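What follows is a single structure, written as structure tokens, with notes after it.
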Amino acid sequence: KDQSIQTITFQEAMDLFKLPRTLGEKEGEEVVVGIGRFGPYVKLGKTYASLEEGDDPLEIGLQRAIELIDAKKAATAT
């Protein structure tokens with residue numbers, strides 16, 4: 001979500017220090033969630049997938065992250 005220095009709370013600022021974080025592994029590689037230049041993402045190897053509306057980078061689980069990564073791989077394979 002959009003945040004500015006004038007509106008961010010202390011807790012929201014502290015939560016940002018938890019990212020990037022490792023969710024687990026798939027195919028021998030770490031599945032990572034973070035916030036980048038284009039917004040929140042999940043990453044497996046060299047594959048990046050954006051989080052969708054309603055996905056929270058601080059609460060997303062490994063299974064949901066893998067779903068997003070698999071969808072991204074399928075979309076780029078065609």
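Read the figures in this text as sums done on the coordinates, not as results from a lab. Nothing here was measured: the structure is a model prediction, and the numbers come from that model.
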Largest first and rounded to whole Å, the semi-axes √(5λ) derived from the alpha carbon gyration tensor of the chain read 25, 14, 10
Roughly what angle does helix 62-77 make with the longest principal axis of the chain, taking Cα atoms, 0 to 90 degrees, to the nearest 10?
60 degrees
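Pull out the extension gain between Asp15 and Glu29, defined as 0.36 nm times the separation in residues minus the alpha carbon to alpha carbon distance; nm, one decimal.
2.6 nm
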